[in-house]
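The values are calculated or read from the model by the stated rules, or taken from the named source; none is laboratory data. All values derive from a computational prediction rather than experimental measurement. Glycine also receives a Cβ, built like all others from the backbone with ideal geometry; neighbour counts cover every protein chain displayed. For the accessible areas, the whole protein counts, side chains as well, though only heavy atoms, and no ligand, DNA or RNA atoms are used. Shrake-Rupley method; radii C 1.70, N 1.55, O 1.52, S 1.80 Å.
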Amino acid sequence: MQISTLCVIGGSGFVGSHVCQQLAARGFRVRVPTRDRERAKSLILLPTVDVIRADVHDPAALAAVVRGCDVVINLVGVLHDARGARGFAAAHVELARKLVAASREAGVRRFLQMSALAAVPDAPSAYLRSKGEAERIVRESGLDWTIFRPSVIFGPEDSFLNFFARLLRLFPVFPLGSPGAQFQPVYVGDVAKAFVHALSDSGSIGGSYDLCGPQRYTLRELVTWVGRAINRPRPVIGLSRSLSYCQALALELLPLKLMTRDNFRSMEIDSVSDSPFPFGIRPQSLEALAPSWLATETPRARYDRLRSRAGR
Ligand SMILES: NC(=O)c1ccc[n+]([C@@H]2O[C@H](COP(=O)([O-])OP(=O)(O)OC[C@H]3O[C@@H](n4cnc5c(N)ncnc54)[C@H](OP(=O)(O)O)[C@@H]3O)[C@@H](O)[C@H]2O)c1
């Protein structure tokens, strides 16, 4: 299949910007709808990427951004639901349905869907259930779909390792909820490679791929490791299940959502997989990559922190 133009919904986010950079580096034309062009400013500089302000929940706007594309990639995701599960339903389930309909209508056959490890319609958290429901919609779409199911994704701009690094810099002791939850962190560059590879591999049509890094860790091991990597080796106090729930509830009540009870429920299921990384890609390890951005207090990291503190 000859591919020239792709529409990457959710292309302005952390994973999306890596996917778009790799697509642009291969000379593809990439269309990225966003609610806020400011958020996608790193992409605006890329010569073959068009960042378009659009409300992708509006079927007419969606039809316009998808028209003329050869492939649709759906990366839209929310981790914290500000609207009590309705946000998950709108961003994951309803949008997947609208996107499938718009793709069919526009004659776009190839469809790549970002899901998450352990996403099933009867998962314990609303986040995983909505991702599972979106998978079902894509599988039943009749399109040439491929689904990706990553564990937690790390990279210079992630909100996982960087989140713990920020807290470890602030507090001398670290009370940690769900300390035994397991993860298999995967590098964002490897995730983006998998998406790009799938485009030239017709064998990936109808395939669902778990995307995990080379090693499993408990959350306690990860936080302890981050503490060492940033030279703040703090004592990590693992909380019991009931205290973890109470911590999640307390944090959920803060205006800035750091953690919610739904996140707690997601962590009840280990985010790990025995499946090999697809397409012969060798996933890179946390230890090999993350110290280069965690350990160094770059001006960019300071700037990002100030922005995040200012709520921008
Ligand atoms: N990061 C991880 O560790 C991880 C792990 C497993 C799965 N995933 C999945 O990977 C995907 C990308 O994650 P990410 O970390 O890159 O997230 P992110 O940085 O928060 O980016 C999310 C993207 O989705 C769009 N979006 C968010 N809410 C939306 C809404 N209500 N309506 C329309 N668009 C909306 C945003 O577009 P705007 O420009 O319009 O804001 C943004 O481009 C998600 O589907 C996520 O569930 C991520």
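Just a few scattered comments:
- Test: residue in segment 60-74 that is more than 10 Å from the ligand (Cβ to nearest atom), open to solvent by less than 30 Å² (accessible area, probe 1.4 Å), touching a residue at least 12 places away in the same chain (Cβ under 8 Å) and touching an Asp or Glu at 6+ places or on another chain (Cβ under 6 Å): yes
- The set of residues in segment 12-24 being of a type outside the set (Val, Ile, Thr), open to solvent by less than 10 Å² (accessible area, probe 1.4 Å) and within 13 Å of the ligand (Cβ to nearest atom) consists of 16, 20.
- Annotation: of all residues in segment 79-97 being surrounded by fewer than 17 Cβ atoms within 10 Å (Cβ to Cβ) and in contact (Cβ under 8 Å) with a residue 40 or more places away in the chain, the one that is nearest to the ligand (Cβ to nearest atom) is 79.
- Residues in segment 25-37 that are open to solvent by 20 Å² or more (accessible area, probe 1.4 Å), more than 8 Å from the ligand (Cβ to nearest atom) and either within 12 Å of the chain's Cα centre (by Cα) or touching a residue at least 12 places away in the same chain (Cβ under 8 Å) (or both): 26, 27, 28, 29, 31, 37.
- Among residues that are in a loop (DSSP other than H, G, I, E, B) and at negative phi, residue 189 is not included.
- Considering 148, 163, the condition of being touching a residue at least 60 places away in the same chain (Cβ under 8 Å), within 11 Å of the ligand (Cβ to nearest atom) and surrounded by fewer than 20 Cβ atoms within 10 Å (Cβ to Cβ) is satisfied by 163 alone.
- Note on segment 110-123: residues that are away from the ligand (no atom under 11 Å from the Cβ) and of a type outside the set (D, E, K, R) total 5.
- Note on segment 124-145: residues that are more than 10 Å from the ligand (Cβ to nearest atom) and farther than 26 Å from residue 245 by Cβ amount to 11.
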